[in-house]
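Below is one structure; the comments refer to it alone.
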Amino acid sequence: MDYLEKLNTSQRQAVQATEGPVMVIAGAGSGKTRVLTYRIAHIINKGIDPFNILALTFTNKAAQEMKERIGKIVGGSEARNIWMGTFHSVFARILRSEADKIGYPSNFTIYDTQDAKNLIKGILKEQGLDDKVYKPGLVLSRISAAKNNLITPQAYLNNTSLQSEDTQSAKPKLGEVYKIYSERCFKAGAMDFDDLLFKTNVLLRDFPEVLYKYQHRFKYILVDEYQDTNFSQYLIVKKLGAVLQNVCVVGDDAQSIYAFRGANIQNILNFKNDYPEVKTYKLEQNYRSTKNIVAAANSIIVNNKEQIEKNVFTDNIEGSKIKIYKAASDNEEGKIVANLIFDKQLSEQAKNNDFAILYRTNAQSRAMEEALRRKNIPYKIYGGLSFYQRKEIKDLLSYFRMIVNPQDEEALKRIINYPARGIGNTTIDKLTIAANNNNVDLWTIITNLNQFNTGLNSGTQSKIQSFVSMMNSFRVQLEAKNAFDLGNEIASTSGILKDLYSDRTPEGISKYENIQELLNGLKEFTETENEFEEDVTPRGLTEFLQDVALLTSADNEKDEDKNKVTLMTIHSAKGLEFPYVHIVGMEENLFPSQMSLTSRIDLEEERRLFYVAVTRAEKEAVLSFAASRYKWGNLIFCEPSRFIEEIDDKCLEYMFSETTQAPRSQNNYETSSSNGYYSKPKNTLPPKRNEPPKIIHTTPKNLKKITPNISTNQDSAANLDLNVGTRVQHQKFGQGLVESIDAGKATINFISAGKKQLLLKFAKLEIL
Ligand code: ATP
Ligand code: MG
C-alpha cells in the first residue's frame with residue numbers, strides 16, 4: 001500500500017473513505033486528480049471489480065493518463081476494465097447497447113458541430129428563414145442550451161418565457177427549428193453531442209429496468225472537474241448514484257470556466273442537498289507551483305465575489321516573479337515569446353514540452369506559430385481545426401459513416417457528389433424535397449428512385465444508382481472486413497485517393513498525406529488487440545467511428561508530438577501543468593473578452609479563466625501584451641488587461657518601462673539560427689508518379705491470434721450446450737446473457753462488462 005504514503009493526511013482520508021458520498025472542493029494543484037486516481041486504485045485493491053467503477057473525466061486523454069497511473073498500482077489489465085472516459089464517450093457506449101429502447105439503431109451516427117450546423121442551414125433554407133438573423137451557430141447553441149436543461153422541443157414550444165425571449169430577439173421560429181432539427185436527427189439515426197447526454201437521461205427516466213441495471217453496475221462513481229458539469233450531466237450522476245450513493249466528486253469552483261456551455265456551479269452546492277451524508281475534504285496544499293505563483297493566483301481570485309473560501313499554500317520554493325512583457329504588435333509579441341523560450345532552453349536545459357503558450361482565442365496562435373517557426377522551435381496546436389475536422393478526412397469518414405448507418409443524411413450529402421459524379425446541387429435539392437414530402441430519409445429515396453416522384457431524368461437517376469450500388473458493395477463487407485481493409489478499399493474505389501493524388505499543389509499533397517495518415521490510424525486501430533484471447537469483439541469501421549467521433553481537442557496528440565511546445569486556449573488547458581507557461585494577449589477586450597465587460601457574472605468567469613491559466617505553471621508564469629494588433633483586418637490599439645493590475649504587485653516584475661517600446665530582453669536573439677532545435681518541414685514534394693502509390697501493410701497481428709488452432713481443451717465452451725438466452729458466467733466478465741451464436745462465436749451481454757463477442761473454442765464459460 002505504498003501509494004498511500006504518496007498522499008498527505010487529507011488526501012489519504014479522501015482516498016480511504018470509499019463508501020458513501022464524498023466531495024473534494026479544493027484549489028488548483030492541490031492533488032484532486034491525484035486523489036481520484038489513487039482512490040480508484042484503492043477501491044480495486046479492496047477487491048472491487050474494475051467493471052463496477054465509473055470514472056468521468058474532462059478529456060479522453062485525462063482518462064488515458066489516469067488509467068496508466070492506476071495500472072502501475074493495480075496492474076494494467078485491471079485498469080483497462082474501468083469504465084472511464086468523458087461523459088460523452090461513456091454514455092455513447094451505453095446508448096449503443098440500449099439504443100433500440102429509445103427507437104435508435106445501435107449504429108447511430110454522432111453528428112459533430114459542423115454536421116449539426118449544416119443540418120440547421122438546410123432547415124433554415126427550407127423554412128425560408130434568414131440565416132443572417134437565425135445565425136446557425138447561435139441557433140445551435142440555443143438548441144444545445146435547451147437540451148442541456150432537458151427541455152424537449154415540445155416543452156420549448158409550450159414555454160411562454162422562452163417563446164417571448166425568442167420573439168424579442170426577432171427569432172420567433174427558434175422552437176420550430178429545434179423541433180424539425182430533432183426530427184431530422186432522429187430520422188437520420190443521428191445524435192449530436194448534447195443528445196448523448198439528453199438521450200441518456202431519457203433512457204434512465206423512462207426505463208426503470210435500465211436504470212436499475214446501471215445503478216448496480218456502477219457501484220462506485222467518480223467525477224473529476226465537477227465544477228464544469230451541466231444540468232444534464234449532474235442528473236445522470238445523481239440518478240446512477242441514487243441507490244448505492246458511492247459518489248465521489250472533485251472540483252474547484254474557482255476554475256468553473258464553461259458556464260457559457262451550460263456548466264453550473266450550483267451543482268457543487270446541490271451536492272450537499274442531494275447527499276446529506278456527504279463527507280467533505282479540504283485540500284489546501286498546492287504541490288504544483290512556486291510560492292510566488294500560488295500567491296499571485298490567490299490575489300487574482302479574491303477579486304471575485306462569488307467563491308467558496310479556500311486557503312491555498314505551498315511548501316515549494318519561492319520561485320521567480322511573474323514577468324510582464326509589452327510588445328509593439330502581436331507579431332512582436334510572438335517574437336518575444338519565442339526568444340524567451342529559446343533563451344530558457346539554453347539556460348535551464350529545458351525541453352520543448354516544458355513550455356506552454358496559452359491564449360484566450362484560437363486566432364491568436366498565428367503570430368505565435370510564425371515566430372516559433374522562424375526560430376525552428378517545434379510546436380503543436382490543440383484545438384482549432386483538429387485532424388478529424390479537415391475536409392478530406394471528413395469526406396472519407398462520411399463514406400464510413402454511411403456504410404455503418406445509411407440513414408446519415410449529412411454524410412450522404414457530403415459524398416454523393418464527391419468525388420464528382422455529375423450529381424449536382426439541384427438534384428440533391430430535388431431528392432431532399434422528395435424525402436421531406438414522403439417523410440422518409442434520403443437513402444430510402446435514392447434506393448427506390450422508381451417509387452418516388454423526384455422529377456429527375458433517367459441520366460441522373462442512373463448516376464445515382466451507380467453510387468448506390470458502390471455503397472452497397474461496401475456495406476456487405478462491413479461485418480467481414482476489419483477497419484483497415486475496408487477503409488483502404490473505400491479510399492481507392494470511391495476515387496478519393498485518385499482525386500487527391502491528381503492535385504500536385506502543396507495543399508493537395510498535404511491532403512493526400514492526411515488520408516494516408518488516417519489509413520495508418522486505421523491500421524493501428526485494427527491491430528490493437530483485445531485483452532483476452534477468446535474476445536473477438538471485432539474492431540471494424542463501426543468501432544473506429546465510435547472512437548473518432550468523441551475525440552476532444554486535447555485528444556489528438558501523436559507520439560511525434562511528445563517533445564513540442566504546446567499552444568492551446570486556456571479552456572483546453574484545464575487540469576494540465578507545465579514548468580513554464582506563457583499567457584499571451586493580456587489586453588482589455590481580448591482578455592477579459594469584449595463580450596464579458598458588461599456583466600459582472602461574465603467578468604468573473606473571465607477572471608476564473610485567468611486563474612486557471614496562471615495555476616497551470618509549475619516554475620514560471622510569464623505574461624505579455626501587445627500595444628496594437630490586427631482584428632478583423634483593422635489595426636487596433638490595445639490597453640493592458642485589468643487582470644495584470646489585480647495581481648499583487650509583490651509577485652510581479654515589469655520587463656519594460658513606459659518610455660521604451662521594446663522590452664528589455666529583446667537584444668540579440670534574432671541572430672542565432674543553427675541552434676539544434678531544427679524540425680524538418682513536413683510537406684516536401686514527393687516524386688511525381690502517374691498512379692497513386694500502393695499502401696502496403698503486413699497482415700494484422702491479431703488475425704493470427706483468432707485463427708482457431710484445434711483445441712483439445714476440455715473446459716472450452718465449445719462443448720457446452722449454449723443457446724440464445726442461456727445465462728453464463730465468465731471468470732473475468734462475470735455473468736451475462738447469450739444474445740447470438742454464429743460460426744463458433746457468441747455475442748454475450750455481460751451485466752458488468754457490456755457486450756462481448758467470444759470465440760467459443762477458447763471462452764471459459766459456465767452455464768448458470
Ligand atoms: P487542478 O485543479 O489544476 O486540476 P489538481 O487539484 O487536480 O489540480 P493534481 O493535478 O492532482 O491537482 O496535482 C498537482 C500536482 O501535484 C501533480 O503533479 C501531482 O502529482 C502533485 N501532487 C499532488 N499531491 C501530491 C503529494 N501528496 N505529494 C507530491 N506531489 C503531489
Ligand atoms: Mg485536476
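Each reported figure results from applying straightforward, stated rules to the coordinates on display, with no laboratory input. Note that this is a predicted model, so its numbers are computed, not measured. Virtual Cβ from ideal backbone geometry, glycine too; neighbours counted across all protein chains shown.
Each Lys and Arg contributes +1 and each Asp and Glu -1, all at the Cβ; summed about the Cα centre of the chain, the dipole is approximately 860 debye. The phi torsions of the stretch 647-654, fed into the Karplus equation with coefficients 6.51, -1.76 and 1.60 and a -60° offset, translate into couplings of 6, 3, 4, 5, 8, 10, 9, 7 Hz, rounded to whole numbers, with Gly and Pro shown as x. For Lys272, the lysines whose Cα comes closer than 24 Å to its Cα, not counting residues fewer than 8 places off in the same chain, are Lys32, Lys219, Lys238, Lys239, Lys282, Lys305, Lys310.
In this structure the amide hydrogen of Val223, modeled in the peptide plane, comes within under 5 Å of the amide hydrogens of Leu56, Cys248, Val249, Val250, none closer than 5 places in sequence on its chain. Taking a straight line from the alpha carbon of Lys463, these lysines sit under 21 Å away, with near neighbours fewer than eight places off in the same chain left out: Lys413, Lys430, Lys498. Note that the stretch 201-206 has calculated 3J(HN,Hα) couplings of 4, 4, 4, 6, 7, 8 Hz, one per residue in order, obtained from phi through the Karplus relation 6.51 cos²θ - 1.76 cosθ + 1.60 (θ = phi - 60°); glycine and proline are x. Rounded to the nearest 20, the Cβ-based charge dipole of the stretch 238-300 about its Cα centre (Lys and Arg +1, Asp and Glu -1) stands at 100 debye. Put in line by how crowded their Cβ is, counting other Cβ atoms within 10 Å and starting with the fewest, Thr200, Thr726 read Thr726, Thr200.
Taking θ as phi - 60° and the Karplus parameters 6.51, -1.76 and 1.60, the scalar couplings of the stretch 387-398 work out to 3, 6, 9, 5, 4, 5, 6, 5, 4, 5, 4, 5 Hz in sequence order, x denoting glycine and proline.
Among the chymotrypsin sites (Phe, Trp or Tyr not before Pro) found in the stretch 446-503, not one is both in a DSSP coil and sparsely packed, with 10 or fewer other Cβ atoms within 10 Å of its Cβ. When Glu620, Glu5 are arranged by Cβ crowding within 10 Å, least crowded first, meaning fewest neighbours, the order is Glu5, Glu620. Spatial offset of the stretch 69-98 relative to the stretch 326-390 amounts to 34 Å, using the alpha carbon center of each. Loop-located trypsin sites (Lys or Arg not before Pro) across the stretch 1-97 with a Cβ neighbour count of 15 or fewer within 10 Å are Lys46, with loop assigned by DSSP. Enumerate by residue number the trypsin sites (Lys or Arg not before Pro) in the stretch 251-334 meeting two conditions: DSSP loop (anything except H, G, I, E, B), and at most 11 other Cβ atoms within 10 Å of the site's Cβ. For trypsin sites (Lys or Arg not before Pro) across the stretch 251-334 that sit outside H, G, I, E and B with at most 11 neighbouring Cβ atoms in 10 Å, the list reads Lys305.
Restricting to bridges with both residues inside the chain, how much of the DSSP beta-bridge set is antiparallel, in percent to the nearest 5?
Working: 27 of 74 bridges.
The answer is about 35 percent antiparallel.
Which pairs, out of Lys61/Lys380; Lys187/Lys511; Lys335/Lys631; Lys67/Lys745, put more than 22 Å between their alpha-carbon atoms? From Lys61/Lys380; Lys187/Lys511; Lys335/Lys631; Lys67/Lys745, over 22 Å: Lys187/Lys511; Lys67/Lys745. Look at Trp83, Trp443 and count the other Cβ atoms within 10 Å of each Cβ; fewest to most, that gives Trp443, Trp83. Placing one equal scatterer on every Cα of the stretch 387-531 and applying the Debye formula, the log10 ratio I(q)/I(0) at q = 0.10, 0.14, 0.20, 0.21 Å⁻¹ is -0.38, -0.71, -1.22, -1.30. Under a 5 Å amide H cut-off, with hydrogens placed 1.01 Å from N, Glu587 pairs with Ser641 among residues at least 5 apart or on other chains. Across the chain, the mean sequence separation of Cα contacts (distance under 8 Å, 6 or more residues apart), normalised by length, yields a relative contact order of 16 percent. Between Glu739 and Gly725, Thr747, Ile748, Asn749, the built amide H atoms are under 5 Å apart, and every one of these is 5 or more places off in sequence or on another chain. About its Cα centre, the dipole of the stretch 116-269 is roughly 400 debye, where the only charges are +1 on Lys and Arg Cβ and -1 on Asp and Glu Cβ.
Normalising the average separation of contacting C-alpha pairs (under 8 angstrom, six or more residues apart) by the number of residues puts the relative contact order of the stretch 109-188 at 30 percent. State the Cα centre-to-centre distance between the stretch 193-270 and the stretch 416-490 in whole Å. So the separation of the two Cα centres works out to 40 Å.
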